[in-house]
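A.B. asks: One structure is given below, represented as structure tokens, and several questions about it will come after.
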Amino acid sequence: MKTFAQKVAVITGAGSGMGRYLAILLARAGADVVICDVNPETLKETEKLVQQHNVAVSSFELDMADKAAIEALPEQVIARHGKVDMLFNNAGVTAGADFENMSEADWDWVMNINLNGVVNATRAFLPYLKMQPEAALINTSSIFGMIAVAKQSVYHATKFAVRGFTEGLAREYAGTGLSVHCVHPGHIGTNIVANSRFNEEEIATDRKLLGVNGSQEEMATLFRDNGMHPSRAADIILDGVKRRRQRIFVGFDAKCMDFAQRLSPMHYLKLLPIFMIPITLLRNKKPLKGLS
């Protein structure tokens, strides 16, 4: 995509993190934005930030597990903006527990948002994206769509599936005006830990490894404050869209982990500690200039 000016972008999970900064940076570039999130308070905060730019903005409280609400969204967007040029399926959650001890409700919660929500939104908006001479579909997987660790089985199931789904679509629409992108973030300073579900007993060991003895809130703060600033992640994603990169790795850690699994598909976890010191030193926690 050569330019974002005068485009219309739909962004899920826009109440915070990468979704918020995707909206801000796109508005900076002259795109109208449609922001969606399940949290009305944080969604309103994003709306105020986007309104500082001379673009049109629409805001929708949306649960990505609600298929009917997703199916109703395109007509609402078309009624307000007349078209859709970009869809960012960015919303995501996780649940930390061994598979054996994870409740079926938690499993379904993650699956319905991370995978079914992406599929349903893609199906709903695809006819409108195809109408445009130049359009983009951007689905967020994860570096955990490339490698696997313990106690994240449901997250891996969804993110590996999003990767396969997106790369399949990229083949189907190769040579057309619709570019399809799969995003693989590493550690980005977002609210995913704060907004997720954890088995309190099972994450006690994880807390000790992280040097955290307190609540999930403390873990969430540690995760958010020590990751790449989401404004930088959003900037990398948009650059990848402009360059029509099918896979967009966000962060040096994501690139290193991908390299490790390519180098040793069965034993990559043994290689990861080698990368941890440079990964920590090179991670940029500062926001882009003019953002906070």
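Just so it is clear, none of the values below were taken in a lab; they were calculated from the coordinates. What you see is a predicted model; the values in this text were computed from it and never measured. Glycine gets a Cβ as well: all are built from the backbone with ideal geometry, and neighbour counts include every protein chain shown.
A.B. asks: How many nm is it between the label spots at S103 and E167, if each spot is 7 Å from the Cα in line with the beta carbon?
C.D. replies: 3.5
A.B. asks: V34's amide H: which non-local residues (gap 5+, or another chain) put their own amide H closer than 5 Å, with H modeled 1.01 Å from N in plane and none for Pro or chain starts?
C.D. replies: A9, V10, I11, S58
A.B. asks: Separation between the Q246 and A5 pseudo-spin-labels, each 7 Å from Cα along Cα→Cβ, expressed in nm?
C.D. replies: Each label point is offset 7 Å from its Cα along the Cβ direction, giving 3.2 nm.
A.B. asks: Determine ³J(HN,Hα), in whole Hz, for all residues of the stretch 5-11 in sequence, where each value follows from phi through the Karplus function 6.51 cos²θ - 1.76 cosθ + 1.60 and θ = phi - 60°; x replaces Gly and Pro.
C.D. replies: Using θ = phi - 60°, the values come out as 4, 6, 8, 10, 10, 9, 10 Hz.
A.B. asks: Let me ask you something else. If I model a spin label as a point 7 Å beyond the Cα along the Cα-Cβ vector, how far apart are those points for E134 and H267 in nm?
C.D. replies: So the two model labels end up 4.8 nm from each other.
A.B. asks: If you don't mind, there's one more thing I want to ask. Compute the length gained on full extension between K44 and A174: take 0.36 nm times their separation in residues and subtract their Cα-Cα distance, giving the result in nm to one decimal.
C.D. replies: On the way: separation 130, 0.36 × 130 = 46.80 nm, distance 3.70 nm.
Length gained, K44 through A174: 43.1 nm.
A.B. asks: List the residues, sorted by chain then number, that are 5 or more residues from R247 or on another chain and whose placed amide H is less than 5 Å from its amide H.
C.D. replies: Here C182 satisfy the definition.
A.B. asks: Same structure, new question: ³J(HN,Hα) across the stretch 68-80 via Karplus (A = 6.51, B = -1.76, C = 1.60, θ = phi - 60°), whole Hz, x for Gly/Pro?
C.D. replies: 4, 5, 5, 5, 7, 5, x, 5, 5, 5, 4, 4, 8
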